[in-house]
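Novice: Dropping a structure here in structure tokens format, bear with me for questions.
The values are calculated or read from the model by the stated rules, or taken from the named source; none is laboratory data. Here the structure is a predicted model, which means the values were calculated and not measured. Note that we place each Cβ from the backbone using ideal geometry, even for glycine, and neighbour counts take in every protein chain shown. Ligands, DNA and RNA are stripped out before the accessible areas are found, and what is left, the full protein with its side chains, is counted by its heavy atoms. Shrake-Rupley method; radii C 1.70, N 1.55, O 1.52, S 1.80 Å.
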There are 2 protein chains.
Amino acid sequence: MGGAGWRGHGAVLLRGEAADRGECARAIGGSQYTRGRERSRSVRRTRGRAGDLTVPLRLPGGRPGPARPVAVRAGTTVSGWLDVPDGIDPGTAIPLSVVRGRRPGPVLALVAGTHGYEYTSILALQRLLPRLDPRRLRGALILVHMANPPAFYGRRIYYGPDGKNLNRVYPGKADGTVSERIAYVLTREVIDRATHLVDMHCGDANESLRPYAYWLVSGNARVDRASREMALAYGLDHIVIDRSRPKDPARSGYTANTAILRGKPGLTAESGGVGRTDAESVGAHEAGVQSLLAQLGMMEAPSVRVAHPVWIEPSEVLRSPLAGVWHPAVAKMQSVAAGALVGRITDPFGRLLHEARAPFAGEILYVVATPPVSQGEPLAGIGRLVSERGARAARRSVP
Amino acid sequence: MGGAGWRGHGAVLLRGEAADRGECARAIGGSQYTRGRERSRSVRRTRGRAGDLTVPLRLPGGRPGPARPVAVRAGTTVSGWLDVPDGIDPGTAIPLSVVRGRRPGPVLALVAGTHGYEYTSILALQRLLPRLDPRRLRGALILVHMANPPAFYGRRIYYGPDGKNLNRVYPGKADGTVSERIAYVLTREVIDRATHLVDMHCGDANESLRPYAYWLVSGNARVDRASREMALAYGLDHIVIDRSRPKDPARSGYTANTAILRGKPGLTAESGGVGRTDAESVGAHEAGVQSLLAQLGMMEAPSVRVAHPVWIEPSEVLRSPLAGVWHPAVAKMQSVAAGALVGRITDPFGRLLHEARAPFAGEILYVVATPPVSQGEPLAGIGRLVSERGARAARRSVP
């Protein structure tokens, strides 16, 4: 894709006047921290419009008290905390940065740390932030540094303290439990302001995972084409085609699906796992974001676009029929034949309770690498590689 | 140590008559699973006496309902579930095996999985069980395969579902929360029956740890000498000397300390970490147990006794003064100078909040390897190596 490729993807432009409204942050170009100051005239804000970058934030070092609308000036970066108020359980504050370029362009949301034990995305955004020079940027970036602080600090796997998976409860509920309220706030304050979105993941604490992206096919041809280009631009050469996500925007479930069902192209990217913070896995996310900035015409940056992707469809999650001690028999990335042993579940004494076998020939996308499993929990993700003939047909037939 | 070395360590002999009382398990030598049968005469049980191997168990495949006292016959192995009844929160069932030799000897308790995310010990006991031939054994082994099932299946770090650290609440409470009730049951049914104990650990899910043992010095010269010999026999060449554990048996806190304060020599052994199940870390526990069996004169087995230990005293846990994102600057096993940077804590945006520094020159025993840290949580364990002169003096002065 050329440097101005985003224009072809239905991007809604950042409205240049946004910075002239509401409370302004006194920011110098590239500064990471800015303090707000009150303005005498009333704050006019338009919710749910892509490109509106007046965000309610508590700024580090700012006055205590509730968040105030902060209009991010062109050519500046503002970091602060997006409040998720207390409700039927304790709330949280989501660390968020807005990097606003001098020229209009797409508004790309990068969501890290939806699952509390997935660290590569959080570290990738930490590393990217100081290198995202707003003076060199077209459009804007919204970095959600840590979508799920209670799960992060609680070192929780899959679920938040309310027992809910944040990546299943979108678009959230204003009066729900904390995961639902996080989803509600992120839908309203981040997804609704964005034109494009990347939901950045890795294998959870217990998942040994090969890097791959999800291309979510919604049925909206314009969005699906743009999402496909984003997935290729991100540079992970294995791309799972997933047509199974919900199609009702009121029950979108997943972060990226929420954006897509609202007409904003997006992808889910997976790199890393088992609680690791290895430079290779973090670096894949960094390289993917930079490549996407180039593809969307937002910044000059190295492209890692995949020229020869391995498309995967279908993919299936093997689940445990019972609780026990899991002994994986495969490693991530390996090919398995149909019926091959994926792993065994024993009781604590070592007696065999269950053998998990591959439902079809394919590749191990991830495998649970730690012993505890309970009924219904994932054991492994396996994907079937689309044949060359299938891939050629797909190139012709995809929207 | 010679093959009959245990005799010198104050071992209380397994009372040969134990198998003639209570409900007997019909077991064949070496069989891993046995079913109980009811006996018409009443069950006479003496609690809290080392060597009494009539244990209340639910046997796999046995009748539903409460556990029944199972007397383990000489030359047999019985595996079953030790109930921790429901109380003010849900209870659990602890998987336990008793391997009883044909001849009298020490009763060695092996406690695995006190912390739910520490897997090497659980896998080591699974691997050891089929190789522990009761016909070749003197005395008996009590294998606690998984001391903390709610923490294991909940993939919990440090704490159980009640927010308590099982390895701090011994000797437990019959009417406490689940961690306290587990400690109560294990004290009563395992520690009180044992003559020696190994508490098998590794670094928790977030801890990258070098292998080492704790020699807990209680002040009881006989027990301390025997505990020291056990630590050497276990084969981990770094041994932390810890004189700081509680001395009141009613507030013993730790598993191994509970045994020691009851006159039963013991150690805590650490091998593995960060949720890994690597063969090397599991194998160190297996080799340590086998070597200990040889040292205690319980079984002919390869010795890995340490001839030239690295004694460590003092050791200190560096703790976080605040919540944030941890970036370790050291690796396990490395030496650090006094004042050396151990790691940094940033906020989610990457701004430096705190630098953790080594309080003295020493070796990194473990370092937290994952980003989340909250106030008061460990960041690293550092130990000072006892000098050669100090080690020589210690050899003369230790009890």
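Novice: Taking strands (runs of 3 or more DSSP E) that do not extend beyond segment B:133-224, which have at least 2 residues that are at pLDDT 95 or above and within 14 Å of another protein chain (Cβ to nearest Cβ)?
Specialist: Correct list: B:138-144, B:207-209.
Novice: Are there any pairs with C-beta distances below 8 angstrom linking a residue in segment B:146-170 that is over 14 Å from A:I157 (Cβ atoms) to a residue that is of a type in the set (A, V, I, L, M) and surrounded by fewer than 21 Cβ atoms within 10 Å (Cβ to Cβ), with the two at least 6 apart or on different chains, and if so which?
Specialist: B:P149/B:A93
Novice: Within the bounds of segment A:375-393, is there any residue that is more than 28 Å from the chain's Cα centre (by Cα), among the aliphatic types (A, V, I, L, M) and at pLDDT 95 or above?
Specialist: No, segment A:375-393 contains no residue that is more than 28 Å from the chain's Cα centre (by Cα), among the aliphatic types (A, V, I, L, M) and at pLDDT 95 or above.
Novice: For segment B:52-87, enumerate the residues that are among the polar types (S, T, N, Q) and within 23 Å of B:A183 (Cα to Cα).
Specialist: Matches in segment B:52-87: B:T54, B:S79.
Novice: Next question. Sort out which residues of segment B:49-80 are at pLDDT 90 or above and within 14 Å of chain A (Cβ to nearest Cβ), and write them in order of number.
Specialist: Selection gives B:L57, B:R58, B:T77, B:V78, B:S79, B:G80.
Novice: While we're here: Could you pull out the residue among A:R262, A:R351 that is in the same structural domain as A:L137 (by TED's automatic domain parsing) and in contact with a Ser or Thr (Cβ under 9 Å, 6 or more places away or on another chain)?
Specialist: One residue alone meets the criteria, A:R262.
Novice: Could you check segment B:242-257 and list, in sequence order, the residues that are in contact with a helix residue (DSSP H, G or I) (Cβ under 7 Å, 6 or more places away or on another chain) and assigned to a helix (DSSP H, G or I)?
Specialist: Matches in segment B:242-257: B:P249, B:T255.
Novice: Quick one: count up the residues across segment B:358-379 that are surrounded by 20 or more Cβ atoms within 10 Å (Cβ to Cβ) and away from chain A (no Cβ under 14 Å).
Specialist: Result for segment B:358-379: 7.
Novice: Next question. Only one of these is open to solvent by less than 10 Å² (accessible area, probe 1.4 Å), within 15 Å of the chain's Cα centre (by Cα), under 30 Å from B:A329 (Cα atoms) and among the hydroxyl-bearing types (S, T, Y): A:S271, A:S252. Name it.
Specialist: After applying the criteria, what remains is A:S271.
Novice: Could you look through segment A:345-362, keep only residues that are free of Cβ contacts under 8 Å to residues at least 24 places away in the same chain and more than 24 Å from B:R58 (Cα to Cα), and pick out the one that is nearest to the chain's Cα centre (by Cα)?
Specialist: Top of the filtered list is A:R357.
Novice: Now for a different question. Show the residue pairs that are 6+ apart or on different chains and have beta-carbon atoms under 6 Å apart, the first residue being within segment B:187-202 and hydroxyl-bearing (S, T, Y), the second being surrounded by fewer than 24 Cβ atoms within 10 Å (Cβ to Cβ).
Specialist: That search, which allows pairs on different chains as well, returns B:T187/B:P171; B:T187/B:G172; B:T195/B:V12; B:T195/B:A50.
Novice: Just one of the numbered conditions (1) open to solvent by 10 Å² or more (accessible area, probe 1.4 Å); (2) over 31 Å from the mean Cα position of the chain (by Cα) is not true of A:V330; which one?
Specialist: So the condition that A:V330 fails would be (2).
Novice: All but one of (1) open to solvent by 30 Å² or more (accessible area, probe 1.4 Å); (2) on the phi < 0 side of the Ramachandran plot hold for B:A147; which doesn't?
Specialist: The failed condition is (1).
Novice: Would you mind stating whether A:A337 is touching a residue at least 24 places away in the same chain (Cβ under 8 Å), within 14 Å of another protein chain (Cβ to nearest Cβ) and surrounded by fewer than 14 Cβ atoms within 10 Å (Cβ to Cβ)?
Specialist: When the stated conditions are applied, A:A337 does not pass them.
Novice: Going residue by residue through segment B:350-357, is there one that turns out to be at pLDDT 95 or above, more than 13 Å from chain A (Cβ to nearest Cβ) and in contact with a Phe, Trp or Tyr (Cβ under 7 Å, 6 or more places away or on another chain)?
Specialist: Within segment B:350-357, not a single residue is at pLDDT 95 or above, more than 13 Å from chain A (Cβ to nearest Cβ) and in contact with a Phe, Trp or Tyr (Cβ under 7 Å, 6 or more places away or on another chain).
Novice: Among A:T120, A:T92, which is assigned by TED's automatic domain parsing to the domain that holds A:S179 and open to solvent by 10 Å² or more (accessible area, probe 1.4 Å)?
Specialist: Exactly one residue qualifies, and that residue is A:T92.
Novice: In addition: Given the residues B:T258, B:T195, which is the only one that is open to solvent by less than 10 Å² (accessible area, probe 1.4 Å), of a type in the set (S, T, Y) and within 12 Å of the chain's Cα centre (by Cα)?
Specialist: None of the others qualify; the one that does is B:T258.
Novice: Test of understanding: among A:S281, A:S244, which residue is open to solvent by 10 Å² or more (accessible area, probe 1.4 Å), more than 17 Å from the chain's Cα centre (by Cα) and among the hydroxyl-bearing types (S, T, Y)?
Specialist: It is A:S244.
Novice: Check off (1) within 14 Å of chain B (Cβ to nearest Cβ); (2) surrounded by 24 or more Cβ atoms within 10 Å (Cβ to Cβ); (3) under 20 Å from the mean Cα position of the chain (by Cα) for A:V107 and give me the number that stays unchecked.
Specialist: Result: A:V107 fails condition (1) only.
Novice: Based on what the data block shows, is A:G324 touching a strand residue (DSSP E or B) at 6+ places or on another chain (Cβ under 8 Å) and surrounded by 19 or more Cβ atoms within 10 Å (Cβ to Cβ)?
Specialist: Spelling it out, A:G324 is indeed touching a strand residue (DSSP E or B) at 6+ places or on another chain (Cβ under 8 Å) and surrounded by 19 or more Cβ atoms within 10 Å (Cβ to Cβ).
Novice: For segment B:129-161, which residues satisfy the criterion of being in contact with a Gly (Cβ under 7 Å, 6 or more places away or on another chain) and charged (D, E, K, R)?
Specialist: Passing the criteria: B:D133, B:R135, B:R138, B:R155, B:R156.
Novice: Scan segment B:261-281 residue by residue and report those that are under 18 Å from A:V325 (Cβ atoms) and within 11 Å of chain A (Cβ to nearest Cβ).
Specialist: B:G275, B:R276, B:T277, B:D278, listed by residue number.
Novice: Here's something else I'd like to know. Of all residues in segment B:296-307, which are open to solvent by less than 10 Å² (accessible area, probe 1.4 Å) and not aliphatic (A, V, I, L, M)?
Specialist: B:G297
Novice: Hey, another quick one. Would you tally the residues in segment B:279-316 being out of contact with any helix residue (DSSP H, G or I) (no Cβ under 6 Å at 6 or more places or on another chain) and among the small types (G, A, S)?
Specialist: Count: 7.
Novice: Give the residues of segment A:72-106 that are without any contact (Cβ under 8 Å) to a residue 40 or more places away in the chain and within 19 Å of A:T195 (Cβ to Cβ), sorted by residue number.
Specialist: If the condition is that a residue be without any contact (Cβ under 8 Å) to a residue 40 or more places away in the chain and within 19 Å of A:T195 (Cβ to Cβ), then A:R102, A:R103 are the ones that fit.
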